[in-house]
């Protein structure tokens, strides 16, 4: 299993690098740094799970109201023609369809806090259809890869961080992130579709993808013609849409005379159990990452990449200073966010490197975090090719982010 190899590899490489630093460079503090980072990682894992408990209870409660009010049924009908082709194992009227769609919607709006609990609910419902409970199904892999590719129409959190850092134009990264996430999602969908022998040229799939392309193109055109709309769409649009969805859940439930409060409590109860199951998987991945980073192995990888690119005659290497964000993002969203903020502080939020860091942050999802947490929440041990497919989508997003950044941003 790829996750197992990566977990072992990060520990062994980190230990090897630390040993070399101790004996050859006389670094007497290196192993203390590793031990300290391990304790910090375990603390962070628990804190994240603790926060996740509240978020899970909140959003699983809302989803329960949506189910009882019929909103999920209507949503499922709207996307069932596409999902019938992409998720042939999932019945058209199954609750998982609505949960998947809500998760995708939250991701597209850049609302990570809402997306995770919705995604965990979707995985639980997909697990009900899984004949081999410890092995990832095709539907679960398709869902995870589309989730980790991270299509983002409105990167709310990144724009907020740029605004906090006093950017003169926080929305400048809006279009580049939109384009990069579209590239990663398209490649991820194409790869999994081919692996699962799905007919990607089916008229229904082409129609839905064509509509998505039209939506993306329309947003690009709107912001290109009227740049002032970018900030309004980014700051207001996503949150208004989400609150409107929740309100519609309440209204539909009231129309059916559902006891909204009781149903919310019933749905929220499940959030606590899921959060408890997630903690070991989350701590394991954060601990391995902590060893790999604190040993200096990550810095060595970055230096090696920079040396290789320069040796190949590549003159434009400015993006490498922001590359830690891209390499960290598949493992830890909070870690990548910290590196992005560090790039803002070191190089300037409106510098080329600062803008590339923001684009990297928005270009992919936390692949290994999502795989560990989502599969861990339902007890799946054999993830098959999910990690590899997610990394291919991540790589597509990173490459696209580099090229698009040089097109959109002026190097300074």
request  = Please label the shape of the stretch 320-365 as rounded, prolate or oblate, based on the square roots a ≥ b ≥ c of the eigenvalues of the alpha-carbon gyration tensor (a/c under 1.5 means rounded; beyond that, a/b larger than b/c means prolate, else oblate).
outcome  = prolate
inquiry  = If I model the stretch 335-394 as equal point scatterers sitting on the Cα atoms and use the Debye formula, what is log10 I(q)/I(0) at q = 0.14, 0.18, 0.25 Å⁻¹?
reply    = -0.52, -0.69, -0.93
key: Likely footprinting exposure, 385, 347, fewest C-beta neighbours within 10 Å first   = 385, 347
note = By Cβ neighbour count within 10 Å, fewest first, 28, 200, 60 rank 28, 200, 60
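When the chain is fully extended, how far beyond the present Cα-Cα distance does residue 277 get from residue 93, taking 0.36 nm per residue of separation? It would help to have the intermediate numbers written out before the result.
Values: separation 184, 0.36 × 184 = 66.24 nm, distance 2.78 nm.
Here the segment from residue 277 to residue 93 would lengthen by 63.5 nm.
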task = Grab the Cα-Cα distance for residue 215 and residue 133, subtract it from 0.36 nm times how many residues apart they are, and report the gain in nm with one decimal.
result = 25.8 nm
message = On the principal axes of its Cα set, how long, how wide and how thick is the chain? Give whole Å, largest value first.
response = 71, 49, 41
Taking 221, 406 and counting other C-beta atoms within 10 Å, the order from fewest to most = 221, 406
inquiry  = Just to confirm the number: angle between the C-alpha axis of helix 352-363 and the first principal axis of the chain, 0 to 90 degrees, nearest 10?
reply    = 40
task = Assign one of three labels to the stretch 245-391, namely rounded, prolate or oblate, based on the Cα gyration tensor with a ≥ b ≥ c the square roots of its eigenvalues; rounded applies when a/c is under 1.5, prolate when it is not and a/b is larger than b/c, and oblate otherwise.
result = prolate
ask   = Against the longest principal axis of the chain, how steep is helix 333-347, in degrees 0 to 90 to the nearest 10, with axes from Cα atoms?
value = 50
Cα-based helix-to-principal-axis angle, 367-377 vs the chain, degrees rounded to 10 = 50
inquiry  = Just to be sure I understand the model, the point goes 7 Å from the Cα along the line to the Cβ. What's the resulting residue 246 to residue 28 distance in nm?
reply    = 5.5
key: Anisotropy class of the stretch 241-331 from Cα gyration tensor, a/c 1.5 cut   = oblate
key: Efficiency of FRET from Cβ geometry, residue 301 and residue 46, R₀ 25 Å, rounded to 0.05   = 0.35
query = Label residue 77 and residue 311 with points 7 Å out from Cα along Cα→Cβ: what is the distance between them in nm?
reply = 6.2
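Multiply the residue separation of residue 408 and residue 199 by 0.36 nm, subtract the distance between their alpha-carbon atoms, and state the gained length in nm to one decimal.
Here the segment from residue 408 to residue 199 would lengthen by 71.8 nm.
Read-outs throughout are calculated quantities, based only on the coordinates presented, and are distinct from any laboratory measurement. Keep in mind it's a predicted model, so treat the numbers as computed, not measured. Cβ sites come from the backbone with ideal geometry, for glycine too, and all protein chains shown count toward neighbours.
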